[in-house]
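Below is one structure, written out as structure tokens, with a few remarks after it.
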Amino acid sequence: MSKKPTLWITRKLSDATLERAARDYDVIINHEDGLHTATDIIAMSAKVDAIMPCHSEIFDAAVAAKLDPRVKIIANHSVGVDHCDLEALGARGIMVTNTPDVLSDATADIAMLLMLGAARRCVEGDRLMRTGEWDFWSPSFMVGKQVSRARLGIVGMGRVGQVMAKRARGFDMEVHYYNRSRLPDEQEMGATYHETVEDLLGVSDFLSLHCPATPETTGMMNDERFALLPDGAVFVNTARGALVDEDALLAALDSGKVSAAGLDCFVAEPGGNPAFSKYENVFMLPHIGSATRATRDAMGFRALDNLDAFFGGKTPLDSLT
Ligand code: 8YV
């Protein structure tokens, strides 16, 4: 029997994923679930044929240059690949894959949760209940912003963006979007296309980001762009913290330009930005958009499917290099 390829799984993935991986590969599993430095990654690369990382392991150009030639494939357990320098890894002849599709539902669910929670003052209401401070009620008490029938702007109408649009239609929202290219009618499903982000912002009572972090999109939500939103807009980010200039968001919250925000992603992770914690109109979660049991299994299986294809001599479904 031929020897199984050696696979390094950098974080504690779902039980079903680890079981299947252990059946088909010689696995090295990070049961302690700690983070890895560039030095750890480079050292481990000499011992394995394949790596299954999360977005928490950074494969930048410096790491890519020093990876041992033994590593042939990086099968990411994530849809986002901003932690990988695809050009540098590709130049080393390393296959890189990701896990699209399988996390779109869970991520759009969290975006809806954040949008509703921010708009309807979830943090403030929850605090009143928990602290026993709820001692007053009136029709003018805790009045929020109505989601139903409002205009939603979606930046990035890829897989997650399209599911978000579907969810929003269930709330009778008027969907607008910006994407690098306009979608065909059957995918657009009545949403209004805007040729520029600037144009989209002007109609976005609610704005939700669903685009990848690239050199072009990093810091895209800056002072100038927040200023283009309608007054009192609600801002939602389940994509990547890097898309947002967090000081600009804080300023927009201070001025009231943004009346509330729902954030699952931050520039610094883990940890987030402590400056947001004094704002009860900011509903925050610790990057758990895809954290459901079903989705974690599906992500792990998709990454393993990519590995199986690669070691079976085929091009993986989600090859990026
Ligand atoms: C994951 C993500 O939680 O897929 C991504 O890009 O950011 C998240 O869904 C994470 O990468 C898990 O590996």
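Between the Cα long axis of helix 293-311 and the first principal axis of the chain there is an angle of about 30°, rounded to the nearest 10. Close amide H partners of residue 72, meaning residues 5 or more places away or on another chain with modelled amide H under 5 Å apart, are 50. Using the beta-carbon distance between residue 280 and residue 224 and R0 = 22 Å, what value does 1/(1 + (r/R0)^6) give for FRET efficiency, to the nearest 0.05? The calculated FRET efficiency here is 0.25.
Protein-only accessible surface at a 1.4 angstrom probe places the residues 196, 99 in the order 196, 99, largest first. Between residue 292 and residue 6, full extension at 0.36 nm per residue minus the direct alpha carbon distance yields a gain of 100.2 nm.
Assign one of three labels to the chain, namely rounded, prolate or oblate, based on the Cα gyration tensor with a ≥ b ≥ c the square roots of its eigenvalues; rounded applies when a/c is under 1.5, prolate when it is not and a/b is larger than b/c, and oblate otherwise.
Working: a/c = 2.09, a/b = 1.79, b/c = 1.16.
Because a/c hits 1.5 or more and a/b exceeds b/c, the chain counts as prolate.
Sorting 36, 31, 83 by accessible area puts them as 31, 36, 83; the probe is 1.4 Å, largest comes first, and only protein heavy atoms count.
The accessible surface of the chain, taken with every protein chain in place and a 1.4 Å probe, is 54 percent carbon and sulfur.
Contact order, relative form, for the chain: 18 percent (alpha carbon pairs under 8 Å, 6 or more residues apart, mean separation divided by residue count). For region 255-321, the convex hull spanned by the alpha carbon atoms encloses 147 Å³ per residue.
Which value in deg cm²/dmol, rounded to the nearest 500, describes the helix-derived mean residue ellipticity at 222 nm for the chain, given -39,500 (n - 2.57) per DSSP H run of n ≥ 4 and division by the residue count?
Working: 12 runs with 111 residues, N = 321.
So the helix-based figure for the chain works out to -10000 deg cm²/dmol.
Of the whole protein surface, residue 171 contributes about 70 Å² of accessible area at a 1.4 Å probe radius. Across region 104-279, C-alpha contacts under 8 Å between residues 6 or more apart give a mean separation that, scaled by the residue count, equals a relative contact order of 21 percent. Bridgeable lysines around residue 3 (alpha carbons under 20 Å apart, same-chain partners fewer than 8 residues away excluded): 47, 72, 314.
Near residue 260, the amide H atoms lying under 5 Å from its own belong to 235; only residues 5 or more places off or on other chains count, and H is placed 1.01 Å from N. The string of couplings for region 110-121 from the Karplus curve (6.51, -1.76, 1.60, θ = phi - 60°) is 5, 5, 5, 4, 5, 5, 5, x, 5, 5, 9, 6 Hz, one whole number per residue in order, with x for Gly and Pro.
Once the chain from residue 214 to residue 171 is taken as fully extended at 0.36 nm per residue, the excess over their C-alpha distance is 12.4 nm.
For region 128-208, the extents of the C-alpha atoms along the principal axes are 52, 22, 20 Å, listed from largest to smallest.
What number results when the radius of gyration of region 104-279, computed over Cα atoms, is divided by 2.2 N^0.38 Å? Kindly include the intermediate steps, with their values, before the conclusion.
Working: Rg = 16.0 Å, N = 176, 2.2 N^0.38 = 15.7 Å.
Rg over 2.2 N^0.38 Å, computed on Cα atoms: 1.02.
Subtracting the Cα-Cα distance of residue 47 and residue 180 from their residue separation scaled by 0.36 nm leaves 43.8 nm. The distance from the alpha carbon centre of region 229-254 to that of region 88-120 is 19 Å, rounded to a whole number. When the surface is traced with a 1.4 Å probe over the full set of protein chains, residue 121 keeps roughly 70 Å² accessible.
Applying a DSSP loop filter and a limit of 10 other Cβ atoms within 10 Å to the trypsin sites (Lys or Arg not before Pro) in region 1-86 leaves 3. Only beta bridges with both residues in the chain are counted; by DSSP, about 5 percent of them are antiparallel. Rounded to the nearest Hz, the phi-derived 3J(HN,Hα) couplings of region 216-222 under the Karplus curve 6.51 cos²θ - 1.76 cosθ + 1.60 (θ = phi - 60°) are 6, 9, 4, x, 4, 8, 10, where x marks glycine and proline. Accessible surface computed residue by residue for the chain, with neighbouring protein chains in place and a 1.4 Å probe, gives 47 Å² per residue. If you sort the three axes of the alpha carbon gyration tensor as a ≥ b ≥ c, you get a/c of 1.5 or more for region 1-81 and a/b no higher than b/c, which makes it oblate.
The values are calculated or read from the model by the stated rules, or taken from the named source; none is laboratory data. Please read these numbers as outputs of a predicted model, since none were measured by experiment. Positions of Cβ are generated from backbone atoms using ideal geometry, with glycine treated the same way; all protein chains shown enter the neighbour counts. Please note that ligands, DNA and RNA were not included when accessible areas were found on the heavy atoms of the full protein model with its side chains. Shrake-Rupley method; radii C 1.70, N 1.55, O 1.52, S 1.80 Å.
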